[in-house]
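Asker: Please see the structure below; I have some questions.
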Amino acid sequence: MSGVLEYKCPACGGRLLFDSNAQRMKCPYCDSEFDINEVSQPETPRPDAFKAEYKELAPEEKEGMVVYSCPSCGGEITGDINTAATFCPFCGNTAIIPQKVTGMLRPDLIIPFKITKEDAQNALKKFYKGKALLPGVFQEQNRIESIKGLYVPYWLFDCDTKASIDYKATNVQAWSDSEYNYTKTDYYQLYREGGASFEYVPADASVKMDDAYMESIEPYKYAEAVEFNTAYLSGYFADKFDVESDSAKQRVNERVKNSMISLFQSTALGYTTCVPVNTNLNFEHGKLRYALMPVWMLNTKYGGKNYLFAMNGQTGKFTGVLPVSWGKFFLWLFSLFVGLGAVGTLIVMLV
């Protein structure tokens with residue numbers, strides 16, 4: 001038997017939502033506000049009101065899909081096997097699936113949303129500004145197809161690392177006299193050895209989320225993470241992890257490796273180039289945490305194509321790919337060549 005939780009307002013009985021501005025639970029009907037801990041134990045709906053079962057779906061639709069019955073209106077709520085929080089498409093009530101966030105699946109931490117839906121929409125408009133190669137009619141013709149506040153599952157690793165790295169470095173000097181130009185290159189072999197400790201190294205734990213997008217909206221302020229409470233999910237979508245921590249560890253190790261290379265390389269001062277040629281690292285993983293991170297996902301359509309954007313729901317950092325006006329691009333390229341040609345002609349005339 002599977003359950004769906006919803007938080008009811010003690011004042012009027014309406015559904016409570018987490019308010020990212022107030023960082024409290026708020027009723028959109030009577031405007032009452034409550035502390036998270038005051039509503040930590042929602043009334044459990046009738047067991048027969050939220051029975052989860054497979055309906056008569058096509059074979060390709062059945063795989064990995066679960067249909068719940070909304071405890072408020074009885075409508076069907078469809079989600080995949082990883083859905084932890086969603087909405088009823090009929091009455092709009094939040095549906096929290098408790099068995100996806102309890103026991104071994106319960107997150108240790110959550111970073112609550114601080115950025116509102118309106119902030120995310122405004123951020124997309126700001127993201128358009130100053131993009132010289134953006135099609136002129138893009139802002140007029142594109143429409144936001146969907147905007148979703150989603151808690152993305154993450155693994156957070158602590159680890160100690162010991163490393164030894166060999167570098168090839170050069171120091172280049174150039175001078176000239178009345179007859180010749182000279183270049184002198186000195187070659188060096190550098191060796192660095194040491195250790196460092198890393199805390200809260202993140203790896204998103206959702207197959208459906210693009211790793212590049214998730215990494216580009218980092219970092220999060222982990223000092224603001226709080227103990228998980230299902231109340232934070234009210235009003236948002238959420239998924240449980242479907243990437244095991246052992247699978248995510250390899251990606252984390254690669255990120256730590258790149259950080260160590262950069263850290264050591266920053267100590268090699270006074271060289272023109274410094275390139276790592278041999279790297280040895282030993283990792284000792286310590287604490288592992290399972291956390292949910294706030295992300296706004298925005299999808300727009302233009303010219304028959306979908307464009308996806310992501311925004312850090314805590315800090316507001318934004319990323320995405322915009323369309324390019326090839327007419328503007330070739331005009332810019334032509335102007336560049338004309339400008340370089342004019343500079344070249346001027347130099348020849350001066351000589």
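Coordinate-derived values only; no laboratory data. Predicted model, so just to flag it, every value in this text is computed and none were measured. FYI the Cβ positions are ideal-geometry reconstructions off the backbone, even for glycines, and counts take in every protein chain you see.
Asker: For each of Trp296, Trp155, count neighbouring Cβ atoms within 10 Å of the residue's Cβ, then give the residues from fewest to most.
Answerer: Ascending Cβ contact count within 10 Å gives the list Trp155, Trp296.
Asker: Name the shape class, rounded, prolate or oblate, that the alpha-carbon gyration tensor gives for region 234-327, where a ≥ b ≥ c are the square roots of its eigenvalues, rounded holds for a/c under 1.5, and otherwise prolate holds if a/b is larger than b/c and oblate otherwise.
Answerer: Values: a/c = 2.69, a/b = 1.37, b/c = 1.96.
Verdict is oblate for region 234-327.
Asker: Oh, and also: Kindly identify region 118-320 as rounded, prolate or oblate by the Cα gyration tensor criterion: order the square roots of the eigenvalues as a ≥ b ≥ c, call it rounded if a/c is under 1.5, otherwise compare a/b with b/c, prolate if a/b is larger, else oblate.
Answerer: Working: a/c = 3.23, a/b = 1.41, b/c = 2.30.
Oblate.
Asker: Can you pull the one-decimal nm distance between simple spin-label points at Cys91 and Lys162, each 7 Å off the Cα toward Cβ?
Answerer: Between Cys91 and Lys162, the simple spin-label model gives 6.1 nm.
Asker: Let me ask something else. Full-extension gain between Thr185 and Glu118, please, as 0.36 nm times their residue separation minus the C-alpha to C-alpha distance.
Answerer: Working: separation 67, 0.36 × 67 = 24.12 nm, distance 5.63 nm.
Residue separation times 0.36 nm, minus the Cα-Cα distance, leaves 18.5 nm.
Asker: Quick check: from the Cα gyration tensor, does region 138-255 come out rounded (a/c under 1.5), prolate or oblate? Display every interim value, and only then the final one.
Answerer: On the way: a/c = 3.70, a/b = 1.81, b/c = 2.05.
The shape class here is oblate.
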